[in-house]
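Please read the structure below before turning to the comments.
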Amino acid sequence: MSSDAAPTSNFIRAIIDGDLASGKHRSIATRFPPEPNGYLHVGHAKSICLNFGLARDYGGTCNLRFDDTNPEKENEEYAQSIQDDVRWLGFEWNGDVRWASDYFPALYDYAVELIKKGLAYVDDLTPEQMRDYRGTLTEKGRESPNRNRAIEENLDLFARMKNGEFADGSLTLRAKIDMASPNINLRDPVIYRIKRAHHIRTGDDWCIYPMYDYTHCVSDALEGITHSICTLEFEDHRPLYDWVLDNVSAPCHPRQYEFSRLELHYTITSKRKLLQLVNEQRVDGWDDPRMPTISGMRRRGYTPEGLREFARRIGVSKSPNIVDLSELEAAIRDDLEARAPRVMAVINPLKVTITNFDGAQTQQAALHPQQAEFGSREVQFSKEIFIEADDFAEVPPSGWKRLAPGGEVRLRHSYVMRCDEVVKDADGKIVELKCSIDHATLGKNPEGRKVKGVIHFVSREHAQPAEIRLYDRLFTVAEPDADKEKSFLEFINPDSLTVVQGWVESFAATAAPETRYQFERLGYFVADRRDHKPGERLVFNRTVALKDSWTKGKG
């Protein structure tokens, strides 16, 4: 990993500092427990940086454990993508990947222990009846008619549930806690249900599956986790976490701590809605560069260092963590500023013919103004070049510092050039400029006059054609799923992707997939990791603009 900035203090670090100082723990053990039912998103990136970062900073361990208790929605593709994402972000888990299904036998045995203690019972209420019996936030729940079944009867029924003698959903195993509790999570929650579904790891060995709230705390205990860190929506589940561990003979009792989840403007992080975008082909898969998934951000050209820095900047607390997308882009931009080589590209080409080209020379240019170790490349020049059409104005506005008829500009890393003639087609569209260069200005200023404007260019003879994908925000509003009367799909930005055919310096033509550049004056770009093929098809994705124009002009 790179040398990241020093960690920012937060309440979780204060708890850990206290636990280590008091001798409560000699070292810490955390875990990251995703469900393999989709690709990880930016909110998960924050959690990864927190859990793995704590283990790294305190010399502890962090386990990667898949919560595979819902077999219908889980698959190996998702599990593999999660492992790839964690490693790409710069972290490595402790030992082998763990799975909740590793603990299915132990979880069953602990459930039997609860039954034997009179703390769990088999129930045959339907889901609708269970909701009715559970009560509301203002009304106490009512006890199920099955709540006081004899222990032996519960043991028999639970064993028969496991053996497949009952239909899916016909029986559940519930913890016997308190139907009058003000915390609805303690009103005899279901801890096992019957579900005949093929499991990605255990196949058809089980037809009963434990619920997450029961599985999670037991798995933590079996792994010796010291600090079980969750997002704030699990705060009301903590009493159930503690109740289970207080009442089974687990080897230890981890403590759960909650922090606020990341709410990032102009994105959604609901896995269900992200899956809908994929299934309805509103985007090009889970790794579409407009998606807030880690794989999408990677394909967009974001760096793991930039994402870790973003997580550091936004911090960890219990207060709402509502962040504008511009803050994420700023962290990425700051990281790329230091690590991206500079090359030139033109995305809206206008042909320029140099009328006095004879005798013109090329010049070496640094690949980075502050990083000499990046080296240099030859900036090729020829009789015909391409400039950005936006860098020419036939009738320039006040204060214009780029090219205009009769005006001069500096070509980046090359000569001062004057526009002498504008060539138009039959429809009056500008199709070519005829210009002349001052041969005495290669690498130095002209004598007797000042030239303020600098524009970039590529040599038509040497530049390589490239597909340039200009990505913008996927949604037009900050909170696309906040309007309960409208579908979030109504707020998809129709201009979130513009594909143009441009030209890049030949130096960039051999770039491997995921090579990042600053295209001078245009932004940061990356060679697409899926479609870019050096020597065959060049595809570059815009990662982020050089400046935040959205909040200034669009937001």
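The values are calculated or read from the model by the stated rules, or taken from the named source; none is laboratory data. It should be emphasised that the depicted structure is a prediction, and the values quoted were computed from it without experimental measurement. With ideal geometry, Cβ positions are generated from the backbone for all residues, glycine too; neighbour counts draw on all protein chains shown.
Looking at Gly443, Gly448, Gly428, Gly502 in this structure, which one is touching a residue at least 60 places away in the same chain (Cβ under 8 Å) and surrounded by fewer than 12 Cβ atoms within 10 Å (Cβ to Cβ)?
Gly443
Restricting the first member to the stretch 283-305 and to residues that are among the aliphatic types (A, V, I, L, M), and the second to residues that are in a strand (DSSP E or B), the beta-carbon pairs closer than 8 Å and six or more apart or on different chains are Met291/His41; Ile294/His41.
Only a single criterion out of (1) in contact with a strand residue (DSSP E or B) (Cβ under 6 Å, 6 or more places away or on another chain); (2) part of a loop (DSSP other than H, G, I, E, B); (3) touching a residue at least 40 places away in the same chain (Cβ under 8 Å) is not satisfied by Arg530, namely (1).
Among the conditions (1) in contact with an Asp or Glu (Cβ under 6 Å, 6 or more places away or on another chain); (2) β-branched (Val, Ile, Thr); (3) under 20 Å from Glu520 (Cβ atoms), Thr441 misses just one, which is (1). Would you mind telling me which numbered condition in (1) at negative phi; (2) within 37 Å of the chain's Cα centre (by Cα); (3) surrounded by 15 or more Cβ atoms within 10 Å (Cβ to Cβ) Ile177 fails? Looking at each condition in turn, Ile177 falls short on (2). Figure legend. Inter-residue proximity from the stretch 103-117: first residues part of a helix (DSSP H, G or I) and at pLDDT 95 or above, second residues exposed (fewer than 15 other Cβ atoms within 10 Å of the Cβ) and β-branched (Val, Ile, Thr), beta-carbon distance below 9 Å, spacing 6+ or different chains. Indicated pairs: Ile115/Ile151; Lys116/Ile151. Set side by side, the residues Tyr241, Tyr209, Tyr266 differ, and just one is in contact with a strand residue (DSSP E or B) (Cβ under 8 Å, 6 or more places away or on another chain), part of a strand (DSSP E or B) and surrounded by 15 or more Cβ atoms within 10 Å (Cβ to Cβ), which is Tyr209.
Taking the conditions exactly as written (charged (D, E, K, R) and over 20 Å from Leu40 (Cα atoms)), does Arg238 satisfy them or not?
Details: charged (D, E, K, R): yes; over 20 Å from Leu40 (Cα atoms): yes.
The answer is yes for Arg238.
Just give me the residues in the stretch 393-422 being in a strand (DSSP E or B), of a type outside the set (Asp, Glu), in contact with an Asp or Glu (Cβ under 9 Å, 6 or more places away or on another chain) and under 28 Å from Val343 (Cβ atoms), in sequence order. Spell out the reasoning first.
The first filter runs over the stretch 393-422 and keeps only residues in a strand (DSSP E or B), leaving 403, 408-411, 416-422.
Those still in the list that are of a type outside the set (Asp, Glu) too: 403, 409-411, 416-419, 422.
Now narrow it down to the ones that are in contact with an Asp or Glu (Cβ under 9 Å, 6 or more places away or on another chain): 403, 409, 416-419, 422.
Leu403, Val409, Val416, Met417, Arg418, Cys419, listed by residue number.
Identify the residue in the stretch 361-389 that is touching a helix residue (DSSP H, G or I) at 6+ places or on another chain (Cβ under 7 Å) and part of a loop (DSSP other than H, G, I, E, B) and, among all such residues, is nearest to Ile455 (Cα to Cα). So, considering only residues that are touching a helix residue (DSSP H, G or I) at 6+ places or on another chain (Cβ under 7 Å) and part of a loop (DSSP other than H, G, I, E, B), the one nearest to Ile455 (Cα to Cα) is Gln380.
Being outside any strand (DSSP E or B), more than 19 Å from Ala365 (Cβ to Cβ) and over 46 Å from the mean Cα position of the chain (by Cα) narrows it down to one of Asp483, Asp427, so name that one. Spell out how you get there, then give the answer.
Details: Asp483 fails: over 46 Å from the mean Cα position of the chain (by Cα).
Unique residue meeting the criteria: Asp427.
For the stretch 53-99, the set of residues classified as part of a helix (DSSP H, G or I), among the aliphatic types (A, V, I, L, M) and either under 12 Å from Pro34 (Cβ atoms) or at pLDDT below 95 (or both) consists of Ala79, Ile82, Val86, listed by residue number.
Tally time: how many residues in the stretch 493-527 are farther than 20 Å from Ile332 by Cα, in a strand (DSSP E or B) and touching a strand residue (DSSP E or B) at 6+ places or on another chain (Cβ under 6 Å)? Show your work before the answer.
Quick first cut of the stretch 493-527, residues farther than 20 Å from Ile332 by Cα only: 493-495, 498-512.
If we keep only those that are in a strand (DSSP E or B) as well, we get 498-504.
After this cut, where a residue has to be touching a strand residue (DSSP E or B) at 6+ places or on another chain (Cβ under 6 Å) as well, the list is 498-500, 502-504.
Of the residues in that region, 6 qualify.
Arg201 passes all but one of (1) assigned to a loop (DSSP other than H, G, I, E, B); (2) more than 26 Å from Asn63 (Cα to Cα); which number fails? It is condition (2) that Arg201 fails.
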